[in-house]
Amino acid sequence: MEDKKTNYKKIIIILIIFLVIIIGVFIFRDFFILKSLNSKFSNIKENQKNIYIKQVSDTAEMEIFLKDDTIKNILTPIDDSKKITEFSKPKIQKTFVDTDESKELHIFEDEEFEPDNTDYIGFNYDFINSDNFFDNLSNSLKIKIKKVDVEGIKCYKLTNFSVEDNKSIAYINVETGFPVEINDEKEESKIKYEVKFDCVTDKDIEEPDNSNYTIIESEDIEE
(Lines give C-alpha, C1' and ligand atoms only; values in the text may rest on other atoms or scores of the structure.)
Protein backbone atom coordinates (compact mmCIF):
# COMPACT_ATOMS: atom_id res chain seq x y z
CA MET A 1 0.00 0.00 0.00
CA GLU A 2 2.83 2.36 0.93
CA ASP A 3 4.57 1.47 -2.34
CA LYS A 4 1.47 2.46 -4.31
CA LYS A 5 1.26 5.82 -2.50
CA THR A 6 4.94 6.40 -3.16
CA ASN A 7 4.46 5.57 -6.84
CA TYR A 8 1.48 7.94 -7.09
CA LYS A 9 3.55 10.71 -5.50
CA LYS A 10 6.38 10.08 -7.96
CA ILE A 11 3.96 10.18 -10.89
CA ILE A 12 2.39 13.43 -9.66
CA ILE A 13 5.83 15.02 -9.15
CA ILE A 14 6.92 13.93 -12.62
CA LEU A 15 3.72 15.34 -14.15
CA ILE A 16 4.20 18.64 -12.32
CA ILE A 17 7.81 18.87 -13.49
CA PHE A 18 6.76 18.03 -17.04
CA LEU A 19 4.02 20.67 -16.92
CA VAL A 20 6.47 23.29 -15.61
CA ILE A 21 8.90 22.44 -18.43
CA ILE A 22 6.16 22.73 -21.07
CA ILE A 23 5.04 26.11 -19.68
CA GLY A 24 8.66 27.26 -19.56
CA VAL A 25 9.23 26.25 -23.18
CA PHE A 26 6.24 28.31 -24.34
CA ILE A 27 7.21 31.29 -22.18
CA PHE A 28 10.79 31.42 -23.44
CA ARG A 29 9.73 30.61 -27.02
CA ASP A 30 7.71 33.83 -27.24
CA PHE A 31 10.40 35.81 -25.45
CA PHE A 32 13.13 34.68 -27.84
CA ILE A 33 10.90 35.24 -30.89
CA LEU A 34 10.42 38.86 -29.81
CA LYS A 35 14.13 39.29 -29.07
CA SER A 36 14.97 37.84 -32.48
CA LEU A 37 12.55 40.19 -34.25
CA ASN A 38 14.00 43.14 -32.34
CA SER A 39 17.53 42.10 -33.28
CA LYS A 40 16.67 41.90 -37.01
CA PHE A 41 14.76 45.19 -36.90
CA SER A 42 17.55 47.03 -35.03
CA ASN A 43 20.29 45.62 -37.25
CA ILE A 44 18.53 46.83 -40.41
CA LYS A 45 17.83 50.27 -38.93
CA GLU A 46 21.44 50.67 -37.85
CA ASN A 47 23.11 49.37 -41.00
CA GLN A 48 20.73 49.67 -43.96
CA LYS A 49 21.41 52.98 -45.73
CA ASN A 50 19.04 52.50 -48.65
CA ILE A 51 15.42 51.89 -47.77
CA TYR A 52 11.93 52.89 -48.88
CA ILE A 53 8.95 52.79 -46.51
CA LYS A 54 5.33 53.60 -47.24
CA GLN A 55 2.89 54.01 -44.34
CA VAL A 56 -0.82 54.32 -45.03
CA SER A 57 -3.28 55.06 -42.22
CA ASP A 58 -6.88 56.24 -42.07
CA THR A 59 -5.73 59.86 -41.92
CA ALA A 60 -2.54 60.15 -43.97
CA GLU A 61 -0.03 58.57 -46.30
CA MET A 62 3.69 58.87 -45.69
CA GLU A 63 6.57 57.87 -47.92
CA ILE A 64 10.12 57.70 -46.58
CA PHE A 65 13.20 57.54 -48.79
CA LEU A 66 16.55 56.93 -47.09
CA LYS A 67 19.77 56.96 -49.09
CA ASP A 68 23.12 57.32 -47.35
CA ASP A 69 22.93 60.52 -45.27
CA THR A 70 19.73 61.92 -46.83
CA ILE A 71 16.15 61.29 -45.67
CA LYS A 72 13.16 62.42 -47.69
CA ASN A 73 9.69 62.32 -46.12
CA ILE A 74 6.47 62.97 -48.04
CA LEU A 75 3.37 63.43 -45.87
CA THR A 76 -0.01 63.64 -47.57
CA PRO A 77 -3.08 63.90 -45.29
CA ILE A 78 -6.10 62.02 -46.67
CA ASP A 79 -8.67 64.79 -46.13
CA ASP A 80 -6.43 67.80 -46.71
CA SER A 81 -4.96 69.52 -49.73
CA LYS A 82 -1.67 70.09 -47.89
CA LYS A 83 1.42 68.13 -48.92
CA ILE A 84 4.62 68.29 -46.91
CA THR A 85 7.94 67.14 -48.37
CA GLU A 86 10.94 67.20 -46.07
CA PHE A 87 14.60 66.72 -46.95
CA SER A 88 17.04 66.16 -44.08
CA LYS A 89 20.79 65.86 -44.44
CA PRO A 90 23.78 66.94 -42.35
CA LYS A 91 23.71 70.68 -41.52
CA ILE A 92 20.41 71.40 -43.28
CA GLN A 93 16.73 70.53 -43.38
CA LYS A 94 14.36 71.78 -46.08
CA THR A 95 10.59 71.48 -45.78
CA PHE A 96 8.39 72.13 -48.82
CA VAL A 97 4.79 72.89 -47.88
CA ASP A 98 2.26 72.80 -50.73
CA THR A 99 -1.36 73.86 -50.33
CA ASP A 100 -4.03 75.10 -52.74
CA GLU A 101 -3.31 78.67 -51.62
CA SER A 102 0.46 78.77 -51.22
CA LYS A 103 3.89 77.21 -51.64
CA GLU A 104 6.42 77.64 -48.84
CA LEU A 105 9.97 76.41 -48.38
CA HIS A 106 11.18 76.36 -44.77
CA ILE A 107 14.95 76.13 -44.44
CA PHE A 108 16.75 75.25 -41.23
CA GLU A 109 20.55 75.35 -41.19
CA ASP A 110 22.87 74.44 -38.36
CA GLU A 111 26.48 73.26 -38.51
CA GLU A 112 25.75 70.69 -35.78
CA PHE A 113 22.50 69.35 -37.24
CA GLU A 114 22.59 65.62 -37.99
CA PRO A 115 19.40 63.81 -39.04
CA ASP A 116 18.73 60.58 -37.19
CA ASN A 117 18.99 58.04 -39.99
CA THR A 118 17.73 55.28 -37.70
CA ASP A 119 14.54 56.95 -36.47
CA TYR A 120 12.49 56.96 -39.66
CA ILE A 121 9.64 54.68 -38.63
CA GLY A 122 7.19 55.08 -35.75
CA PHE A 123 7.65 51.59 -34.40
CA ASN A 124 9.97 49.97 -31.87
CA TYR A 125 10.47 47.08 -29.47
CA ASP A 126 11.00 49.22 -26.36
CA PHE A 127 8.87 46.87 -24.28
CA ILE A 128 11.65 44.24 -24.41
CA ASN A 129 14.63 46.61 -24.44
CA SER A 130 14.79 47.26 -20.72
CA ASP A 131 18.09 46.64 -18.92
CA ASN A 132 16.12 44.39 -16.57
CA PHE A 133 15.78 40.86 -17.96
CA PHE A 134 12.75 40.09 -15.80
CA ASP A 135 10.93 43.23 -16.99
CA ASN A 136 11.49 42.14 -20.58
CA LEU A 137 10.31 38.63 -19.80
CA SER A 138 7.23 39.90 -17.95
CA ASN A 139 6.31 42.24 -20.84
CA SER A 140 6.72 39.49 -23.43
CA LEU A 141 4.42 37.20 -21.41
CA LYS A 142 1.53 39.62 -22.03
CA ILE A 143 1.81 39.20 -25.79
CA LYS A 144 0.32 36.29 -27.71
CA ILE A 145 2.21 35.20 -30.83
CA LYS A 146 0.88 33.28 -33.81
CA LYS A 147 2.36 32.64 -37.26
CA VAL A 148 0.18 33.86 -40.16
CA ASP A 149 0.40 34.98 -43.79
CA VAL A 150 -0.47 38.58 -44.73
CA GLU A 151 -0.72 39.16 -48.48
CA GLY A 152 1.90 36.46 -49.10
CA ILE A 153 4.29 37.68 -46.39
CA LYS A 154 5.13 35.33 -43.52
CA CYS A 155 4.31 37.21 -40.32
CA TYR A 156 3.99 36.87 -36.60
CA LYS A 157 0.65 38.14 -35.34
CA LEU A 158 1.15 39.85 -31.98
CA THR A 159 -1.98 40.42 -29.93
CA ASN A 160 -2.23 42.40 -26.70
CA PHE A 161 0.59 44.49 -28.14
CA SER A 162 0.95 48.16 -27.13
CA VAL A 163 1.74 51.02 -29.51
CA GLU A 164 2.02 54.38 -27.73
CA ASP A 165 0.08 52.87 -24.78
CA ASN A 166 -2.78 51.72 -27.04
CA LYS A 167 -3.61 48.02 -27.22
CA SER A 168 -3.01 46.85 -30.76
CA ILE A 169 -2.67 43.87 -33.06
CA ALA A 170 0.63 43.87 -34.95
CA TYR A 171 1.62 41.78 -37.96
CA ILE A 172 5.43 41.58 -38.10
CA ASN A 173 7.53 40.35 -41.02
CA VAL A 174 9.29 37.17 -39.84
CA GLU A 175 12.39 37.89 -41.95
CA THR A 176 12.98 41.57 -41.13
CA GLY A 177 11.18 42.37 -37.86
CA PHE A 178 9.49 45.31 -39.61
CA PRO A 179 5.73 45.81 -39.25
CA VAL A 180 3.46 44.85 -42.14
CA GLU A 181 0.24 46.06 -40.51
CA ILE A 182 -0.78 47.44 -37.12
CA ASN A 183 -4.44 47.61 -36.10
CA ASP A 184 -6.07 48.91 -32.96
CA GLU A 185 -7.51 46.28 -30.62
CA LYS A 186 -10.99 46.46 -32.19
CA GLU A 187 -9.47 46.55 -35.70
CA GLU A 188 -11.33 49.77 -36.44
CA SER A 189 -8.22 51.61 -37.64
CA LYS A 190 -5.00 50.37 -39.16
CA ILE A 191 -1.60 51.36 -40.48
CA LYS A 192 -0.22 49.38 -43.40
CA TYR A 193 3.49 49.32 -44.20
CA GLU A 194 5.39 48.62 -47.39
CA VAL A 195 9.16 48.23 -46.98
CA LYS A 196 11.76 47.85 -49.75
CA PHE A 197 15.53 47.71 -49.56
CA ASP A 198 18.26 48.94 -51.94
CA CYS A 199 15.80 50.57 -54.35
CA VAL A 200 16.14 54.32 -53.65
CA THR A 201 17.95 56.26 -56.39
CA ASP A 202 19.41 59.77 -56.51
CA LYS A 203 16.38 60.84 -58.51
CA ASP A 204 14.06 59.71 -55.70
CA ILE A 205 15.71 62.14 -53.26
CA GLU A 206 16.09 65.00 -55.73
CA GLU A 207 14.71 68.31 -54.47
CA PRO A 208 11.95 70.01 -56.49
CA ASP A 209 12.48 73.33 -58.23
CA ASN A 210 12.02 75.98 -55.52
CA SER A 211 11.58 78.99 -57.81
CA ASN A 212 7.82 79.14 -57.11
CA TYR A 213 8.18 78.84 -53.34
CA THR A 214 8.24 81.54 -50.69
CA ILE A 215 11.44 80.89 -48.75
CA ILE A 216 11.27 81.12 -44.97
CA GLU A 217 14.38 80.81 -42.81
CA SER A 218 13.54 78.71 -39.75
CA GLU A 219 15.27 78.97 -36.38
CA ASP A 220 14.36 75.44 -35.41
CA ILE A 221 13.68 72.06 -37.02
CA GLU A 222 10.25 71.77 -38.59
CA GLU A 223 7.93 69.31 -36.79
If the Cβ limit is 7 Å and pairs must be 6+ apart or interchain, which residue in the range 98-112 that is at pLDDT 90 or above pairs with which residue that is of a type in the set (G, A, S) and surrounded by 13 or more Cβ atoms within 10 Å (Cβ to Cβ)? H106/S218; I107/S218; F108/S218
If you scan the range 138-157, which residues turn out to be closer than 18 Å to V25 by Cα and among the aliphatic types (A, V, I, L, M)? L141, I143, I145
Check the range 176-184 and report whether any residue there is surrounded by fewer than 18 Cβ atoms within 10 Å (Cβ to Cβ), under 17 Å from N38 (Cα atoms), modelled with pLDDT of 90 or more and under 14 Å from the mean Cα position of the chain (by Cα). yes
Please work out if E164 is at pLDDT 85 or above and either acidic (D, E) or in contact with a helix residue (DSSP H, G or I) (Cβ under 7 Å, 6 or more places away or on another chain) (or both). no
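Filter the range 125-160 for residues that are assigned to a loop (DSSP other than H, G, I, E, B), without any contact (Cβ under 8 Å) to a residue 40 or more places away in the chain and not charged (D, E, K, R) and give the result. Full working, then the answer.
In the first step, residues of the range 125-160 are kept if they are assigned to a loop (DSSP other than H, G, I, E, B); the result is 125, 129-132, 142-143, 151-152.
From what's left, without any contact (Cβ under 8 Å) to a residue 40 or more places away in the chain: 130-132, 142, 151-152.
Across the range 125-160, the qualifying residues are S130, N132, G152.
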Members of the range 37-90 found to be in contact with a Gly (Cβ under 8 Å, 6 or more places away or on another chain) and among the hydrophobic types (A, V, I, L, M, F, W, C), listed by number: L37, F41, I44
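The values are calculated or read from the model by the stated rules, or taken from the named source; none is laboratory data. On a predicted model such as this, the values are computed, not experimentally measured, just so you know. Don't worry about glycine lacking a Cβ; one is built from the backbone with ideal geometry, like all the others, and counts go over all protein chains shown.
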